[in-house]
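See structure below.
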Amino acid sequence: MADNFDVVVIGAGPAGYHAAIRAAQLGMKVACIDAALGKDGKPALGGTCLRVGCIPSKALLDSSRQWHNLQHLFGEHGITAKDSKIDVGTMVGRKDKIVKQFTGGIAQLFKANKITAYYGFGTLHPGKVVKVKQHDGTEVELAGKHVILAAGSDSIELPFAKFDGKHIVDNVGALDFTEVPKRLGVIGAGVIGLELGSVWKRLGAEVTILEAMPDFLAAADAEAAKVALKEFKKQGLDIKLGAKVSKAEVRKNEVHLTYNDGKADAQLVVDKLLVAVGRKSASKGLLADGTGVKLNERGQIEVDDHCFTGVEGVWAVGDCVRGPMLAHKGFEEGIAVAELIAGLPGHVNLDTIPWVIYTEPEIAWVGKTEQQLKAEGIPFKTGSFPFAAVGRAVAMGEPAGFVKVIAHEETDRILGMHLVGVNVSELVHEGVLAMEFHGSAEDLARICHAHPTLSEAIHDAAMAVDKRAIHKAN
Ligand code: FAD
Ligand code: NAD
């Protein structure tokens, strides 16, 4: 006999736990299934994001930043510390404590919202029946009036560089090195490569990043990518573009890489190799035969604009469907689907999802890039402003980067905002808000911004669209 629920959610990552909690808030009887185990071997809710993604990477980025500042920035402030040293065990232990606090927090939220958690692997069968193979070896059968698939994503593995958890790792391994590798190789100069490459570089590793594409961060605005690349090079991150890796062999505790730089084959020898070449939908084993749910050629679950799979009562959200693989995109989809099930309006605007790369300087954007607008033939104008001319940024010793506002040539409506600099992960939301409210560059220019704050860069950039920035020549 199946246990009956209004909503059964498979996956308790950002997309799944948001869907489960919102559905419960709306009065539905909810079950949520998750297969993941934490480092202690016990079930851990919260998905990639809380266990091995957003939160642990930011914990290590913050620890490594403290060390970097102590080595390179504190002297300027007249502060010196003698005999400073790094204890990687303590640093990683701090990260693990934060992870445990947050994964445990989801379990508490489930209890508070009367959501039944099942710990094991769930498979959707025809008729909205979900069979769960629990960690204790038993199987339970759940029936949902609605089923939400929120299975997330897994790292892509390269056939010639299989993860061994010791020398060749993905994000999971690179968040848990027990000591600073002397030489770290990274395949892929994307978000993970740059963030985790920065962590270990700041802690003292020699980091070489091999990127197959000739352009750096092709998804970002080209000008922002250029400014960020210059800063990363200054920090000593060795980023080789147009480098195609063909071989990775582990020999005598070292990884020997062969890559082609466009002219000839070259070799690189490292102690650890992080492969960060993207992620793929975790749809394997999720669907039994005959459910009617379709996968596309990339293995993603096919959905419409409202995350509906086309099978009555079956929805899919987060990394396992189209769109950016970002936790906050999953949050919004989870909430929207729960609200749609409850008969409320629910919608996610994929055009205003902010992107942030948490390097130093941070890179953030929302909306279109200049290169996208050119390709689409949309006329636009831009205004930029450097942090080097912002009093607060200079007082903080963080003058790198700039803000660029892109507006429609004729209507002045904001089409994109691109930021490189300190704390731009927070500032980008001014652009998101302005775009959601269909604001113009003039709207931003006429809004009073507190002085001295970093947000003044946005104010002056918006004024620069109309060639009337106050703090620079136009
Ligand atoms: P997931 O978080 O992957 O969760 C899916 C869950 O479902 C998992 O717990 C999995 O075990 C479980 N599951 C899968 N299949 C089944 C099944 N059949 N039965 C039972 N359980 C199942 N995004 C950001 O927005 N900001 C960041 O700073 C950021 N940093 C990141 C850093 C790293 C190193 C990585 C790897 C990712 C990062 N991301 C970041 C991306 C972010 O983690 C994902 O976009 C997000 O976790 C996706 O949420 P999700 O709920 O769709 O899937
Ligand atoms: P990514 O798509 O960001 O970057 C992968 C990079 O690897 C690309 O630049 C690609 O050109 C390159 N590449 C692909 N195949 C290659 C090969 N064979 N050799 C060399 N280079 C190759 O992927 P990622 O860094 O693995 O991250 C996965 C996803 O996780 C991201 O797309 C993002 O959605 C999410 N994430 C987000 C954040 C954040 O929001 N701050 C942080 C980490 C991860």
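For the chain, the per residue solvent-accessible surface stands at 46 Å², with DNA, RNA and ligands left out and a 1.4 Å probe. Extending 7 Å from Cα along the Cβ direction at Ile470 and again at Lys166 yields two label points whose distance is 6.3 nm. Comparing Cα centroids, the stretch 427-474 and the stretch 131-190 end up 41 angstrom apart.
Summarising the label geometry, the points placed 7 Å from Cα in the beta-carbon direction at Glu442 and Glu141 lie 6.6 nm from one another.
In terms of the Cα gyration tensor, with a ≥ b ≥ c the square roots of its eigenvalues, is the chain rounded because a/c is under 1.5, prolate because a/b exceeds b/c, or oblate? In terms of gyration-tensor shape, oblate. Within the shell of other residues whose beta carbon sits under 14 angstrom from the beta carbon of His18, the net charge comes to -3, with Lys and Arg scored +1 and Asp and Glu -1.
Taking R0 as 30 Å, what FRET efficiency do you get between Gln372 and Arg94 from their Cβ-Cβ distance, rounded to the nearest 0.05? Once rounded, the FRET efficiency stands at 0.15. Distance from the Cα centroid of the stretch 330-368 to that of the stretch 207-285 is 28 Å (rounded to whole angstrom).
Taken along the Cα-to-beta-carbon direction at a fixed 7 Å, the label points for Arg298 and Thr352 span 2.4 nm. If the chain linking Phe308 and Gln101 were pulled fully straight, counting 0.36 nm for each residue of separation and taking away their Cα-Cα distance, it would gain 71.2 nm. For the pair Ile79 and Ala388, the difference between a 0.36 nm per residue extended length and the Cα-Cα distance amounts to 109.0 nm.
Taking all protein chains together and a 1.4 Å probe, the residues Asp170, Asp83, Asp215 rank Asp83, Asp215, Asp170 from largest to smallest accessible area.
Checked against a 29 Å cut-off, the cross-linked pairs Lys201/Lys368; Lys247/Lys294; Lys39/Lys114; Lys226/Lys263; Lys97/Lys226; Lys230/Lys467 give Cα-Cα distances beyond that limit for Lys201/Lys368; Lys247/Lys294; Lys97/Lys226.
Taking amide H atoms as placed 1.01 Å from N in the peptide plane, the amide H of Leu415 lies under 5 Å from those of Ile406, Ala407, His408, each 5 or more residues away in sequence or on another chain. Taking a ≥ b ≥ c as the square roots of the eigenvalues of the Cα gyration tensor, the stretch 361-465 is prolate, since a/c reaches 1.5 or more and a/b is larger than b/c.
With a Förster radius of 30 Å applied to the beta-carbon distance between Gln267 and Glu179, the computed FRET efficiency rounds to 0.75. Dividing the mean sequence gap of close Cα pairs (under 8 Å, 6+ apart) by how many residues the stretch 361-465 holds gives a relative contact order of 34 percent.
Based on the Cβ-Cβ distance from Ala450 to Met1, what FRET efficiency comes out when R0 is 45 Å, to the nearest 0.05?
0.15
Placing unit charges on each Cβ (+1 for Lys and Arg, -1 for Asp and Glu) gives the chain a dipole about its Cα centre, and among Tyr119, Ala327, Pro354 the Cα reaching farthest toward its positive end belongs to Tyr119.
Sort 178-186, 298-306 for me by packing, meaning the mean count of neighbouring Cβ atoms within 10 Å per residue, highest on top. Write out the running numbers ahead of the final one.
Working: 178-186: 19.1, 298-306: 15.2.
For the peptides 178-186, 298-306, the packing ranking is 178-186, 298-306.
Each Lys or Arg adds one and each Asp or Glu takes one away; over the other residues whose Cβ falls under 11 Å from the Cβ of Ala161, this sums to -2.
Taking a sphere under 10 Å around the Cβ of Lys128 and counting the other residues whose Cβ falls inside, with K and R at +1 and D and E at -1, yields a net charge of 0.
Share of the chain's accessible area from carbon and sulfur, percent, 1.4 Å? Present the calculation step by step, with values, prior to reporting the outcome.
On the way: 11850 of 22030 Å².
Answer for the chain is 54 percent, counting heavy atoms of protein chains only.
Within the stretch 207-259, report the trypsin sites (Lys or Arg not before Pro) that DSSP leaves as loop and that have at most 14 other Cβ atoms within 10 Å.
Listed in order of number, the matching sites are Lys252.
Note on the chain: helix-only mean residue ellipticity at 222 nm, from DSSP H runs of 4+ residues weighted -39500 (n - 2.57) and normalised by residue number, equals -9500 deg cm²/dmol.
Quick check: from the Cα gyration tensor, does the stretch 195-242 come out rounded (a/c under 1.5), prolate or oblate? Please report the intermediate quantities before stating the final value.
Working: a/c = 2.23, a/b = 1.59, b/c = 1.41.
The shape class here is prolate.
The values are calculated or read from the model by the stated rules, or taken from the named source; none is laboratory data. What you see is a predicted model, and the numbers here were worked out from it, not measured in a lab. Backbone-built Cβ (ideal geometry, glycine too); neighbour counts: all protein chains shown. What goes into the accessible areas is simple: the full protein's heavy atoms, side chains included, and nothing from ligands, DNA or RNA. Shrake-Rupley method; radii C 1.70, N 1.55, O 1.52, S 1.80 Å.
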